[in-house]
Amino acid sequence: MGIEIAALASFFGLTGAFALVGTVLAAWMAWRIVEKAGLPGWTGLGAILLTLTGVGTIVPLILLWIFAFMRWPRDEAAPAGSFGYTAPRGGAPTTGPVALSGPPMALPDARGWRLAGTLGNGGTVSLSVAGTSGTYALTGAQGGAPADLSVPDPSVGRPHARLMLSGQRLGLEDLGSPGGTFIDGARLLPEHGPRDISAVRSIRLGSVELTLSRA
C-alpha cells in the first residue's frame, strides 16, 4: 500500500511527507464513511482501503472526500416528541416533523350509582341513584317518598340509612337501625357520621347484601 501511494505521489511530484499526510487523511475519511454507513468496523475500513490501493489513482481520494462530508439520511434526526409527520393542512399533506399535542381534557363521569342484591325471601332488589346531588333514604318500607329507596326486607329499618350524592362522590350514614349497617364488612355506627363509599364494593343493611357499582 505504501509503495503504491508513494509511486502515485511521485507521479504528481509530491514529497514523501505529503504522501504520508495523504495516507492518513485517506484513512480518516474512509473511517467516517464506515461510521456513517454502519459498516462492521475494521472489516469495512479494510475493504475500502484495499479498494483504494487497488485502483491506484487520485479518483478514490476525491470520492472519499465527497462521501465523508456529504449529508446522510441518518444525520437527519427527528426532534424529540415527534412522529416525523405533519398533519395535512388544506387537504394537502406536508413534510417535516410535528410535535404531539397534549391529551384532551377528560370529560366528567356522568354515570349514576346502582345497588343490587338478594332479599331474605329469595327476591331481588335493584336501586339506581342518578344525578349529581341529593339525599336518599334507604328503608324497608314500600311506597314512601320519592327520595326513598326501598329494600323490602324485615331486617332493614324504616328508615335504615341515608345516601348522600355530591358530584362524583357517594356517602352513606347509618341511622341507628337495630339490624346494623356494614361497609365491606366493617360496622358503620351513627356516631361515625357520613362515610364516603365511592370506592366501596358492597354494603349490608341488616341481612341484605347490596353490591355497589356505577350504572
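Some values worked out for this structure:
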item: Candidate set: region 194-213, residues that are in contact (Cβ under 8 Å) with a residue 40 or more places away in the chain and open to solvent by 70 Å² or more (accessible area, probe 1.4 Å); chosen: the one nearest to the chain's Cα centre (by Cα); result: 211
item: Region 158-188, residues that are open to solvent by less than 50 Å² (accessible area, probe 1.4 Å), under 33 Å from the mean Cα position of the chain (by Cα) and under 14 Å from residue 115 (Cα atoms); result: 165, 170, 171
item: Some residue of region 157-170 being in contact (Cβ under 8 Å) with a residue 40 or more places away in the chain and over 15 Å from residue 210 (Cβ atoms); result: yes
item: Residues of region 109-149 classified as in a loop (DSSP other than H, G, I, E, B) and surrounded by fewer than 16 Cβ atoms within 10 Å (Cβ to Cβ), total; result: 17
item: Filter result for residue 191 (of a type in the set (Asp, Glu), in contact with a strand residue (DSSP E or B) (Cβ under 6 Å, 6 or more places away or on another chain) and either open to solvent by 50 Å² or more (accessible area, probe 1.4 Å) or within 19 Å of residue 117 (Cβ to Cβ) (or both)); result: no
item: Verdict on residue 198 being at pLDDT below 95 and either out of contact with any Phe, Trp or Tyr (no Cβ under 9 Å at 6 or more places or on another chain) or within 22 Å of residue 123 (Cα to Cα) (or both); result: no
item: Number of positions in region 154-172 that are of a type in the set (Lys, Arg) and over 22 Å from residue 199 (Cβ atoms); result: 1
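The values are calculated or read from the model by the stated rules, or taken from the named source; none is laboratory data. This structure is a prediction, so every number in the text was calculated from the model and none was measured. Cβ: placed from backbone, ideal geometry, glycine included. Neighbour counts: every protein chain shown. Each accessible area value is taken on the protein alone, full model and side chains, heavy atoms only, with ligands, DNA and RNA left out. Shrake-Rupley method; radii C 1.70, N 1.55, O 1.52, S 1.80 Å.
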